[in-house]
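Step one of this worksheet: look at the structure below.
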Amino acid sequence: MPALAGPIRGPARVADGDTLVIDGTRIRLLAIDAPEMGEPLGGRARLEMERIIARRPLDCEPHGHDRYRNTVAVCRRGRLDVAAELVRRGWARAWRRYGLDYVAQEDEAKAAGRGMWAPGMEAARASRRHP
């Protein structure tokens, strides 16, 4: 496993709804799960991530690595927690297996019927490979 790096800062490229690349480092956002690009809603999750980042530099604090050797991190655009905003908009889930950090945002998105929680999205949500 690669050594845990210090903070990672800079402009990000969106790989998918929960993965970014900064200066060649793949970063998976901590404790969330978004639809993959080959799944229903994957393109929309990616688009929302791009909107949240808004072509501004990010500051990411690494918390380790996942099984694919991606850096797992909390990333912020200024004071905005990118993962929290994606979950709040309804395009990712709080991945409770890895932390409870974003459960309140998921509950808010569900109650408001935002993103994947909107009426009529049941089949798309059910197609997810991850819980």
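The values are calculated or read from the model by the stated rules, or taken from the named source; none is laboratory data. In this text, all values refer to a predicted model and were calculated from it rather than measured experimentally. Every residue, glycine as well, gets a Cβ built from its backbone with ideal geometry; the counts of neighbours run over all protein chains shown. SASA here: full protein model, heavy atoms, side chains in, ligands and nucleic acids out. Shrake-Rupley method; radii C 1.70, N 1.55, O 1.52, S 1.80 Å.
In this structure the chain gives 53 Å² per residue of accessible area when probed at 1.4 Å with all protein chains present. Compared with the dominant Cα axis of the chain, that is its longest principal axis, helix 103-112 is turned about 30°.
For region 30-44, putting each phi into the Karplus relation 6.51 cos²θ - 1.76 cosθ + 1.60 with θ = phi - 60° gives couplings of 5, 6, 10, 9, 10, x, 7, 4, x, 9, x, 6, x, x, 5 Hz, in residue order, rounded to whole numbers and with x for Gly and Pro.
Atom-type composition of the exposed protein surface of the chain places 50 percent of the accessible area on carbon and sulfur (1.4 angstrom probe). Computed from label points 7 Å out along Cα-Cβ, the spacing between residue 111 and residue 63 is 2.3 nm. The amide H of residue 58, built 1.01 Å from its N in the peptide plane, has 10, 12 as neighbours under 5 Å, considering only residues 5 or more places off or on other chains. Qualifying chymotrypsin sites (Phe, Trp or Tyr not before Pro) in region 46-131, where qualification requires a DSSP coil assignment and no more than 16 other C-beta atoms within 10 Å, comprise 68.
Remark: the residue 15-residue 124 segment gains 37.2 nm on full extension, using 0.36 nm per residue and subtracting the alpha carbon distance. If the segment from residue 79 to residue 26 were pulled out straight at 0.36 nm per residue, it would be longer than the present Cα-Cα gap by 16.9 nm.
Computed on protein heavy atoms with a 1.4 Å probe, the accessible areas place 18, 101 in the order 101, 18, largest first. One equal scatterer on each Cα of region 62-131, no solvent, Debye formula: the resulting log10 I(q)/I(0) at q = 0.12, 0.17, 0.19, 0.27 Å⁻¹ is -0.36, -0.69, -0.84, -1.25.
Within the assembled protein chains, the solvent-accessible surface assigned to residue 27 is about 0 Å², based on a 1.4 Å probe.
Taking only Cα atoms and a 10 Å spring cutoff, compute GNM fluctuations for the chain and point out the largest among 29, 47, 86. Looking only at 29, 47, 86, the biggest GNM fluctuation is shown by 47. Per-residue 3J(HN,Hα) values for region 73-88, derived from phi via the Karplus relation 6.51 cos²θ - 1.76 cosθ + 1.60 with θ = phi - 60°, read 8, 9, 10, 10, 10, x, 8, 7, 6, 4, 5, 4, 5, 4, 5, 4 Hz in sequence order (x marks Gly and Pro). Given R0 = 22 Å, the distance between the Cβ atoms of residue 97 and residue 37 translates into a calculated FRET efficiency of 0.55.
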